[in-house]
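K.L.:
Before we start, here is the structure in question, set down as structure tokens.
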Amino acid sequence: TLLVCLGPIWLGLAEWGILHTPPPRRFWGGISLAIGGIWLMSGGTLSGGALQGDGLALLGGWLGSAYLFTGREVRQRLGIGPYAGLVSLVAASVLLLLALAMKAPLVGHSSQGWWAILGLTLGPQLLGHNGFNYVVGTVKASVVSAAILLEPLGAAILAALFLSETPTSLEMASGLVLLVGVGIATRKG
């Protein structure tokens, strides 16, 4: 969780190094605080020894950052409709190719499975990702990435509501640290 959540750092560095628009100091302070909250929320330790998983988490953070960075630049010239359609088409095509390569079943799922697929399509993809695709047209990618850091907090809240997983006092305090950090990082000057 911690490694994949380093995206705002990669984006801040990319905006600084490539676009020559460094994020303000409060961004760096807020991101540091937010990542500290995520670190505490995830147990306050580094796993160690899970090199392949850590590598995949870093790769996920880098690819997510590249996606937002590229989206920010493309959305300056392309409206949300064509951009979201193109992104969704590419994602669906890659997913189909991977499913075929892994011989994953594409049909024959239970009705509960189809409802889950529909929910994932409508919620995280159409509302979530396309919401970020919309916003990244007018907001710096590093700021959007900072807001995405709220996902672990949202997941903890959903787990508490729907899975009866009561967060510990440390997890609740960590969530507050995360919230404050994201607030500082995304605040306008």
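K.L.:
Could you list log10 I(q)/I(0) for region 119-165 at q = 0.24, 0.28, 0.31 Å⁻¹, which the Debye formula gives when each Cα is one point scatterer?
P.N.:
-0.92, -1.01, -1.05
K.L.:
Pick from 129, 20, 109: which residue has the top mean-square fluctuation in a GNM of the chain where Cα pairs under 10 Å get a spring?
P.N.:
Comparing 129, 20, 109 in the GNM, the peak value goes to 109.
K.L.:
Sticking with this structure for a sec: Leaving out ligands and nucleic acids, and using a 1.4 Å probe, what accessible area per residue does region 94-189 come to in Å²?
P.N.:
Numbers: 6510 Å² over 96 residues.
Ligands and nucleic acids excluded, the result is 68 Å² per residue.
K.L.:
For n ≥ 4 DSSP H runs only, could you compute -39500 (n - 2.57) per run for the chain, divide by its residues and tell me the 222 nm figure to the nearest 500? Don't jump to the answer; show the numbers that get you there.
P.N.:
Numbers: 9 runs with 128 residues, N = 189.
It lands at -22000 deg cm²/dmol.
K.L.:
If you don't mind, there's one more thing I want to ask. So what's the gap between the Cα centers of region 1-44 and region 125-189, to the nearest angstrom?
P.N.:
13 Å
K.L.:
Any idea what the alpha-carbon Rg over 2.2 N^0.38 Å comes to for region 76-146? Don't skip to the answer; put the middle values down first.
P.N.:
Details: Rg = 15.0 Å, N = 71, 2.2 N^0.38 = 11.1 Å.
Normalised Rg, Cα atoms only: 1.35.
K.L.:
Just want the answer: with Cβ charges of +1 for Lys and Arg and -1 for Asp and Glu, which residue in 62, 16, 101 is farthest toward the dipole's positive end in region 1-129?
P.N.:
So the residue we want is 16.
K.L.:
In what order, largest first, do 172, 41, 102 sit by accessible area if the probe radius is 1.4 Å? Walk me through the numbers on the way to the answer.
P.N.:
Working: 172 110, 41 35, 102 150 Å².
From most exposed to least exposed: 102, 172, 41.
K.L.:
Something else: Residue 172 to residue 107: FRET efficiency via 1/(1 + (r/R0)^6), r the Cβ-Cβ distance, R0 35 Å, to the nearest 0.05? Walk me through the intermediate numbers first.
P.N.:
Details: r = 43 Å, r/R0 = 1.24.
In this case the efficiency is close to 0.20.
K.L.:
Bin width 5 Å, alpha-carbon pairs only: give the P(r) of region 28-153 as whole percents, running from 0 to the bin holding the largest distance.
P.N.:
2, 8, 13, 18, 18, 16, 14, 8, 2, 0
The values are calculated or read from the model by the stated rules, or taken from the named source; none is laboratory data. Only a predicted model underlies this, so the values are computations on that prediction, with no experimental measurement involved. No Cβ is skipped: glycine too gets one built from the backbone with ideal geometry, and neighbour counts run over all protein chains shown. All accessible areas refer to the heavy atoms of the entire protein, side chains included, with ligands and DNA or RNA removed. Shrake-Rupley method; radii C 1.70, N 1.55, O 1.52, S 1.80 Å.
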